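Values in this text are rule-based calculations from the coordinates and carry no lab data. Not measured: the values here are computed from a predicted model. A quick note on method: Cβ atoms are made from the backbone with ideal geometry, for glycine too, and the neighbour counts reach across all protein chains shown.
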Amino acid sequence: MSRQSLKYSTPEDVQELRSVTQLLVRAAVEYPYSGVGYLPDGAEGESIRQPYTPYSELLDSALRLLTGLRSRGLRAGDKVALLLDDQREFLSVFWACLLGGFVPCPMAPVPGDPARWAAQLAHVDRLLDRPLLVTTEATHAELPDVPGLAVAPVEGLGGGEPAPDIHRAAPEDLALLVLTSGSTGNSKAVMLSHGNLLASMAGKSDKQQLTAADTTFNWISYDHVAALLEAHLLPLYVGANQLHAPASVILEEPQRFLRIISRHKVTMTFTPNFLLGPLNSAAHEFA
């Protein structure tokens, strides 16, 4: 597919959605007062330290990272594994990949078992046909030795000028790879096309009746497909504000889940069933 100039001046320019890439461009144009909020880790995890990042700023950050990724020789269709804990960094690199026509694949580390972690990295390297792994310098220094693994620290990717153009993807093009848990063997990569994701957003939007006046909340890591679809792409699709917190904020004190919903006037969220038990046990605190 070809590249497309980034000269959008009116909402009509991005009205017909054919790729997920257009979601961010459209949101930056049509919803200038909506964006992404990030809650900090630790005891202050219920309050936002900085204002919501407008979708236009997320687009600008992604375009700068796209310049860095292209300088590494990436071309449309290349796979990029994302090993990034920081939510702001993750979303910026995630969109840089989509804007460039690269295929992002979120990853999570295997804690406490270096041999298994090395085996997982080697497996993903083969599965994705030698992708570029984007992570932080600190994480890079701690990675187990995997021969041939290509790694790019995110700190060295975003210092250039914004890319002047983006990849024009078709609905049938591969947009995203999601790794399975690997509980019954090696992880597999679920392939999601631009058309898959847009159809999902249209259906979810119709069912949830979400609008630009809403606020969503997520605390699940992005290697979980719901964190990317329900908690990121869906609010982006309708121009809603979205709030994200590190998992530790909720896991360390489950009651924060309800306090955050109340404080930030959250209108849509989700949580795994295992959190309901601790919330029920603490119900007396909210009486």
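Of the residues making up region 91-124, those that are farther than 17 Å from Leu197 by Cα and outside any helix (DSSP H, G or I) are Met107, Ala108, Pro109, Val110, Pro111, Gly112, Asp113.
When Ala152 is tested against the conditions (1) part of a strand (DSSP E or B); (2) surrounded by fewer than 15 Cβ atoms within 10 Å (Cβ to Cβ); (3) of a type in the set (A, V, I, L, M), the lone failure is (2).
Taken as a whole, the structure places Leu236 among residues that are under 28 Å from Leu99 (Cα atoms), in contact with a helix residue (DSSP H, G or I) (Cβ under 6 Å, 6 or more places away or on another chain) and among the aliphatic types (A, V, I, L, M). Condition check: of a type in the set (D, E, K, R) and more than 18 Å from the chain's Cα centre (by Cα). Does Glu252 satisfy that? Yes, satisfied.
Restricting Ala283, Ala247 to residues that are surrounded by fewer than 19 Cβ atoms within 10 Å (Cβ to Cβ), within 16 Å of the chain's Cα centre (by Cα) and over 27 Å from Gly203 (Cα atoms) narrows the list to Ala247.
Would you mind stating whether Gly112 is crowded, with 23+ Cβ neighbours inside 10 Å and either of a type in the set (Gly, Ala, Ser) or in contact with a Phe, Trp or Tyr (Cβ under 8 Å, 6 or more places away or on another chain) (or both)? Criteria not met by Gly112. Residue count for region 136-160, restricted to those that are in contact (Cβ under 8 Å) with a residue 24 or more places away in the chain and under 20 Å from the mean Cα position of the chain (by Cα): 7.
Just one of the listed residues (Arg49, Arg88) is part of a helix (DSSP H, G or I) and among the basic types (Lys, Arg), namely Arg88. Tell me which residues, restricted to region 272-287, are in contact with a Pro (Cβ under 9 Å, 6 or more places away or on another chain) and in a loop (DSSP other than H, G, I, E, B). Selection gives Ala282 alone.
Entry remark, region 221-246: residues being of a type outside the set (Asp, Glu) and either outside any helix (DSSP H, G or I) or under 16 Å from Gly42 (Cβ atoms) (or both) number 11 in total. Among residues of region 161-220 being basic (Lys, Arg) and in a helix (DSSP H, G or I), the one that is farthest from the chain's Cα centre (by Cα) is Lys207. When we screen Val266, Val249 for residues that are assigned to a helix (DSSP H, G or I) and among the hydrophobic types (A, V, I, L, M, F, W, C), the only hit is Val249.
Keeping to region 52-85, report how many residues are part of a loop (DSSP other than H, G, I, E, B), under 15 Å from the mean Cα position of the chain (by Cα) and in contact (Cβ under 8 Å) with a residue 60 or more places away in the chain.
From region 52-85, those part of a loop (DSSP other than H, G, I, E, B) are 52, 72-78, 83-85; that's our starting set.
Filter once more, so that each one left must be under 15 Å from the mean Cα position of the chain (by Cα): 83-85.
Within this subset, residues satisfying the condition of being in contact (Cβ under 8 Å) with a residue 60 or more places away in the chain are 84-85.
Count: 2.
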